[in-house]
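Read through the structure below, which is laid out as C-alpha cells, and then see the notes.
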Protein chains: 2
Amino acid sequence: MTEGTKKSSSSTPNKTTSDIASKLNGLQGWAIGVDLGGQSIRGAWVSTKGQIFDPIKWETKVSDGKEKVLSRLVQLVDELLKNPPPGCEPSKDLLGVGFGIPGIIHLKKGLVIQSPQFPDWKRFAVYEKLRKKIKFPVFIDNDANAAALGEKMYGVCKPYDHFVYVTLGSGIGGALFLNGDLYHGSMGLAGEIGHMTVDPQGAPESTGNRGSVELYASGSGFQKILSDLRERHPSISANTPEELYELWKRGNKLPEWEAVEKVFDDMGNALGIMLANVVNTLDPQAICFAGGLTHAWKAFSRKMIQITMERSYVARHNKLRILSTSLMKNSNFIEAGVVGAASLVFVDALKKQASIEIKTVKAPVAAAAPALKAVASVAI
Amino acid sequence: MTEGTKKSSSSTPNKTTSDIASKLNGLQGWAIGVDLGGQSIRGAWVSTKGQIFDPIKWETKVSDGKEKVLSRLVQLVDELLKNPPPGCEPSKDLLGVGFGIPGIIHLKKGLVIQSPQFPDWKRFAVYEKLRKKIKFPVFIDNDANAAALGEKMYGVCKPYDHFVYVTLGSGIGGALFLNGDLYHGSMGLAGEIGHMTVDPQGAPESTGNRGSVELYASGSGFQKILSDLRERHPSISANTPEELYELWKRGNKLPEWEAVEKVFDDMGNALGIMLANVVNTLDPQAICFAGGLTHAWKAFSRKMIQITMERSYVARHNKLRILSTSLMKNSNFIEAGVVGAASLVFVDALKKQASIEIKTVKAPVAAAAPALKAVASVAI
C-alpha cells in the first residue's frame, strides 16, 4: 500500500482525461466556422481534418450597428449553406455552426459584455439571437478561446495539455487550455490577460484599469504610441505597427532607430511582465502567440523572453516553450479563427459521443464490451 | 438538433465532475496531517469529518539543517503513530500521511526547489526521503495547496468549484482550485501568485524578480517595511505586522497614523493589483485568504477590494466573493494546515475508490448496477 511509483503523491501535476485532438479521426461530419473581427467576417466549411472549403470574407462594417452586423453573420452562414463541399449534405452532415467573437463574453448568459471593436455591443445577447436565426446547433466563444482550440486540434499546440494562447490583435486576447480542455472559469470570463496591469501608474483605460499590457502591445495601444512617436519624430511616418516594424528592420541605419527600438522594447517588456505573471500562476507547458502583431516577433520577442525569464521563477524551472501559431499560412485568410470556431462544434460532438458511450453502459442490456469503451474514453 | 437549453454553447463555463467534499461521508479511515512551517511543525490525527486528535506542535529549528528538520518530521509521525485515536488501528485504518510544505515544489520530481523559510532546501528531494522512512503512503504538496484543499473539504470554500486561495504568511502562497480539483500545472508549480509583479520598478528580490507583491504584503516584506518606518519615525516601535496593526487600530489619535495607514494602504494596493490580475485570468467564484497577516484584515482589505474592482473588469461581472478562512479557530494550533495536509490523503483515497468502481465495470461479470455507480461518479 505504499506509493510505488516515482510520482510524488496524489498531488502530482494534473492529468488529462483523454486527448481531444487525437480523437478527431473517429468523428464524421462537417462544421461551419465563422470568425468575427472588427474589419472582416470570415467563414468557411471545415472538415474534421481541418481542411477549409468555400472561404468567404466580408467586410464587418461595425458602423452599421450591432443588429446589421448580426444579420450579416447569419447571411454569411446562409451563403455557405447554399454551397456545401462535395459529398456533404448539410441537413445530415453539418454538426453545427461555431462563432469566434472578440470581446469579453459572459458565456453563462450568452452575452457579449464589452468588445473593444464593437462599441455598441454592451451586454448584447449574441447567442440567443444567432440561435433563433440559424437552424443548426450554434456555438459561440471568445475568438481567442476558439483559436486556441483550433491550435490544439490542428496546430502547433497539439502536443500540449496545458498552454496559454495569446492573440496580439486590436486588443490582446487570452485563452487558457488546462488539463486537456479550454478553461472558461466560473462565468466564461477566464483568460482576460490583456487587461493585466504591467504599469500601475500607466494611462487610464475604458475598462477602469490603468497601465494594462494592451497599452503597450496591441493594435489599439499602438495608435497612441505611433501618434506620440510621430509628434516627437516628424520624420517617422509609420501609421501602423507593420509600418513601424518595416522601419525597425532597417536597423541603426535609420536616424530615429533608437526611438523605434524603444517602442518594441517597451512592448517586449510589457508582454514579459504579463507572461511572467501568467506562468507563475499557471505553470503551463507552452505559450502560443497569434494575431497580426506577432509578425513583428523579431522586434519584440528577445526583450519579452528576457523579462519573462528574469521575472518568473516558474518559467526557469518548467521547460516553458514560447511558440507562434502554425495556422496563419495565408495572411489574406487567417485560418486559425475559422478553424477554431469550427473546433467548438467538433469538440462538442466528441463530448456528446463520449456521453452516448456512457449512456450505453447505463442500459441494462449493455454488458462488458461497451462499458470498456466508455471507461477508456472518460478515464478520471 | 438545436441546443435547447438556455446555456449558450458547448463552450459554457467548465463543469465539475463531482464534488469531492460531499463524497467524504462515504469514506472510512484516518489520516495524519503534518504542516511544516518556518517556526513550527504541527501534526495530528485527522478523521474524515475533519476532527483533530492528539495535536502536536514542535519547533522547526531551521538552523539545524535540512536533514535534521526532515528527521523531526518523521519523528513527529512516529510519535502520533504511538498514540492513535480511540478505535483506530493504524495498520488497518491509516490511509496515509500528508505533508504541507512551504516553498516552490516541483511535484513531478518531488523536489522542493526553493523555500524562503528554508534557505538550505535547494532542489531537496523531500518526497523520496519521507517515503523511505514512513511505512504508510506519503503525500506531499505545497502548504497553500494543502490548506486550500482543507478549506474545500471542511471550510468556507465548500460551495465553490473555482477558487483561488491566498496565504499571507512569511511569504505569499497561492493555490488554484479549478473545475472541482486542485490545479497543479504542468510540473506542480502553479499558484505562485506571490511572485506576481505589482511594481515593475520595485526592489530586486532573491527570485530574480523585482517589485513582487511579497515585498508589500508578506511577513518577510514587512521586515524591511518596518525597519524603514522605524527609521523615519523613531517613535514607532513596532517590530511585527501584528504590532503595527495594534498601532493602526488607535486611529488618528496616533501622531504617526498617516505613515502607519500608508503601509496598510500600500499592502492593500499591492494585493488589489495581484487579485485583479488573478481574477482577470481565472474568473474564479471566490478568493479565500488565510495566514497570519490576514488578522490585519480591517487595515488593508478596503483598499484591496477597491483596487481589485477598479482594475478587474471580470471581478465587476462575475459576482466575486472575497473570503477569509474558517479553519483558524485557534491561533495556537492552526488547523487549516494540518487538516489540509490530511485532505491530500483523503482526496487520493476518494480518487482510488472511484477508480476501483470503474474497474468493477471492466470485469465481465459485473453488470448494470455497478456500471451505473461508476457512471455517476465520473460524469464527464
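The values are calculated or read from the model by the stated rules, or taken from the named source; none is laboratory data. This is a predicted model, so every value here is computed, not measured. Neighbour counts are summed over all protein chains in view; Cβ atoms, including those assigned to glycine, are modelled from backbone coordinates with ideal geometry.
So that you can scan it fast, the table gives a plain yes or no per residue for (1) crowded, with 19+ Cβ neighbours inside 10 Å; (2) modelled with pLDDT under 95; (3) closer than 12 Å to B:Y313 by Cβ; (4) assigned by TED's automatic domain parsing to the domain that holds A:F346:
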residue	(1), (2), (3), (4)
A:G188	yes, yes, no, no
A:S212	yes, no, yes, no
A:Q223	no, no, no, no
A:D228	no, no, no, no
A:E231	no, no, no, no
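State all residues of the range B:183-205 that are without any contact (Cβ under 8 Å) to a residue 12 or more places away in the chain and more than 7 Å from chain A (Cβ to nearest Cβ); if no residue qualifies, say none.
Residues satisfying the conditions are B:Q201, B:P204, B:E205.
What pairs can you find where one residue is in the range A:207-221 and among the charged types (D, E, K, R), the other is surrounded by 24 or more Cβ atoms within 10 Å (Cβ to Cβ) and in a loop (DSSP other than H, G, I, E, B), and their Cβ atoms are less than 8 Å apart, with a gap of 6+ or different chains?
That search, which allows pairs on different chains as well, returns A:E214/A:G171.
Working carefully through the options A:F289, A:F222, find the one that is farther than 27 Å from B:A286 by Cα, among the aromatic types (F, W, Y) and outside any helix (DSSP H, G or I). I'd like the intermediate steps shown before the answer.
Values: A:F222 fails: outside any helix (DSSP H, G or I).
On inspection, the qualifying residue turns out to be A:F289.
Answer yes or no: is there a residue in the range A:304-319 that is basic (K, R), more than 9 Å from chain B (Cβ to nearest Cβ) and not in a helix (DSSP H, G or I). Write out each step before concluding.
First pass over the range A:304-319, keeping only residues basic (K, R): A:311, A:316, A:319.
Restricting the remaining residues to those that are more than 9 Å from chain B (Cβ to nearest Cβ) gives none.
Within the range A:304-319, none of the residues are basic (K, R), more than 9 Å from chain B (Cβ to nearest Cβ) and not in a helix (DSSP H, G or I).
Taking the stated definitions as given, is B:R302 modelled with pLDDT of 95 or more, among the charged types (D, E, K, R) and over 19 Å from the mean Cα position of the chain (by Cα)?
On the way: modelled with pLDDT of 95 or more: yes; among the charged types (D, E, K, R): yes; over 19 Å from the mean Cα position of the chain (by Cα): yes.
Spelling it out, B:R302 is indeed modelled with pLDDT of 95 or more, among the charged types (D, E, K, R) and over 19 Å from the mean Cα position of the chain (by Cα).
Taking A:V62 as meeting all but one of (1) at pLDDT below 95; (2) surrounded by 21 or more Cβ atoms within 10 Å (Cβ to Cβ), write down the number of the exception.
Here A:V62 meets the rest and fails (2).
Only one residue in A:I134, A:I113, A:I140 is buried (at least 24 other Cβ atoms within 10 Å of the Cβ) and either of a type in the set (F, W, Y) or assigned by TED's automatic domain parsing to the domain that holds A:G37 (or both). Which one?
On the way: A:I134 fails: buried (at least 24 other Cβ atoms within 10 Å of the Cβ); A:I113 fails: buried (at least 24 other Cβ atoms within 10 Å of the Cβ).
Residue meeting the stated conditions: A:I140.
Would you pick out the residues in the range B:112-136 that are among the aromatic types (F, W, Y), under 22 Å from the mean Cα position of the chain (by Cα) and facing another protein chain (nearest Cβ under 9 Å)?
At the first step, the residues of the range B:112-136 found to be among the aromatic types (F, W, Y) are B:118, B:121, B:124, B:127, B:136.
This time we only want the ones that are under 22 Å from the mean Cα position of the chain (by Cα), so: B:118, B:121, B:124, B:127.
Result: B:Y127, single match.
Residue check: is B:V339 at pLDDT below 95, surrounded by 24 or more Cβ atoms within 10 Å (Cβ to Cβ) and within 23 Å of A:P200 (Cα to Cα)? Break it down stepwise before answering.
Working: at pLDDT below 95: yes; surrounded by 24 or more Cβ atoms within 10 Å (Cβ to Cβ): yes; within 23 Å of A:P200 (Cα to Cα): no.
Spelling it out, it is not the case that B:V339 is at pLDDT below 95, surrounded by 24 or more Cβ atoms within 10 Å (Cβ to Cβ) and within 23 Å of A:P200 (Cα to Cα).
Does A:A296 count as surrounded by fewer than 24 Cβ atoms within 10 Å (Cβ to Cβ) and away from chain B (no Cβ under 14 Å)? It would help to see each step written out before you state the result.
Numbers: surrounded by fewer than 24 Cβ atoms within 10 Å (Cβ to Cβ): yes; away from chain B (no Cβ under 14 Å): yes.
Taking the combined requirement at face value, the residue satisfies it.
So is A:Y245 at pLDDT 95 or above, of a type in the set (S, T, Y) and not in a helix (DSSP H, G or I) or not? Break it down stepwise before answering.
Numbers: at pLDDT 95 or above: yes; of a type in the set (S, T, Y): yes; not in a helix (DSSP H, G or I): no.
Considered against the rule, which asks whether it is at pLDDT 95 or above, of a type in the set (S, T, Y) and not in a helix (DSSP H, G or I), A:Y245 comes out as no.
Hey, any hits in the range B:348-357 for a residue that's within 9 Å of chain A (Cβ to nearest Cβ) and modelled with pLDDT of 90 or more?
Going residue by residue through the range B:348-357, those that are within 9 Å of chain A (Cβ to nearest Cβ) are B:348-349, B:351-352, B:354-355.
Narrowing further to those that are modelled with pLDDT of 90 or more: B:348-349.
Within the range B:348-357, one or more residues are within 9 Å of chain A (Cβ to nearest Cβ) and modelled with pLDDT of 90 or more.
Among the residues of the range A:160-173, what is the count of those that are surrounded by fewer than 24 Cβ atoms within 10 Å (Cβ to Cβ) and within 12 Å of chain B (Cβ to nearest Cβ)?
2
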